[in-house]
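Here, each number is a calculation from the coordinates, and none is a lab measurement. Predicted, not measured: the structure shown is a model, and the values here were computed from it. Glycine gets a Cβ as well: all are built from the backbone with ideal geometry, and neighbour counts include every protein chain shown.
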Amino acid sequence: NAGVTQTPKFQVLKTGQSMTLQCAQDMNHEYMSWYRQDPGMGLRLIHYSVGAGITDQGEVPNGYNVSRSTTEDFPLRLLSAAPSQTSVYFCASSRNEGNEQFFGPGTRLTVL
Amino acid sequence: DAKTTQPTSMDCAEGRAANLPCNHSTISGNEYVYWYRQIHSQGPQYIIHGLKNNETNEMASLIITEDRKSSTLILPHATLRDTAVYYCIVRAAPYNDMRFGAGTRLTVKP
């Protein structure tokens, strides 16, 4: 199993550009989440999904959209990038409620 | 979810036990205590979790006080590779959203 994979590893955007961060897992996990981590801080939840077709907001959802059309994929869309969205983005998945989360390697995003 | 309080940083000698405390005085009866760690800038790694009984696995032990208001993560024989930020999180299943605080930066020294 590849586990949780994220692409790209690094990305530089200009203010106002849009892009999609990709996340995929091959463990048939129902739960998937997106977090952001700013320098020196813990992770903050952006959006999460309890299964295909179901998504919900976390702590810091503004400026981001998600969809879950398949069990495997959970892309995160930045609609109009802002410098405040410069961060490291982690995707995670887990089998179901109460189970440990498996995290991807992260995407380092810089918005100029 | 209940909030947690952890020391900002701790040091430990290589080969000794590392004891990382966590206070969660407002924990509810249905909330679990989870521990994750983050090595350098990698994605967080699950360590262990428990409800009210002490737990042990191949990585660590989790000691939860009887009143459940605090807990301690024990790494029995710390190595240099255990240097990381350790996060204590309390949350109620079935919700899967994990609320990470700033954690404790553990430095294992030779």
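Overview of values
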| quantity | calculated |
| --- | --- |
| Check: the protein assembly as shown dipole with +1 on Lys, Arg Cβ and -1 on Asp, Glu Cβ, in debye | 600 debye |
| Lys/Arg +1, Asp/Glu -1 at C-beta; chain A dipole; positive extreme among A:GLY42, A:THR70, A:THR15 | A:THR15 |
| Mean shadow area of the range A:30-76 over all directions, Cα convex hull, nm² | 3.2 nm² |
| Estimated D of chain A in µm² per second, where Rh is the Kirkwood radius over Cα pairs and Stokes-Einstein applies at 25 °C, 0.890 mPa s | 177 µm²/s |
| FRET efficiency estimate (nearest 0.05) - Cβ-Cβ, A:ASP73 to B:ALA17, R0 45 angstrom | 0.60 |
| Euclidean distance of C-alpha centroids, the range B:60-74 and the range A:60-92, integer Å | 35 Å |
| Contour excess over end-to-end distance, with Cα ends at B:LYS3 and B:ASP67 and 0.36 nm allotted per residue | 21.5 nm |
| 3J(HN,Hα) from dihedral phi, the range A:72-78, Karplus parametrisation 6.51/-1.76/1.60, rounded to Hz, x for glycine, proline | 7, 10, 8, x, 10, 10, 9 |
| P(r), alpha carbons of chain B - 5 Å bins starting at zero, rounded % | 2, 13, 25, 26, 20, 10, 4, 1, 0 |
| Where the Cα pairs of the protein assembly as shown fall when distances are cut into 5 Å bins, in % | 1, 7, 15, 18, 18, 16, 12, 8, 4, 1, 0 |
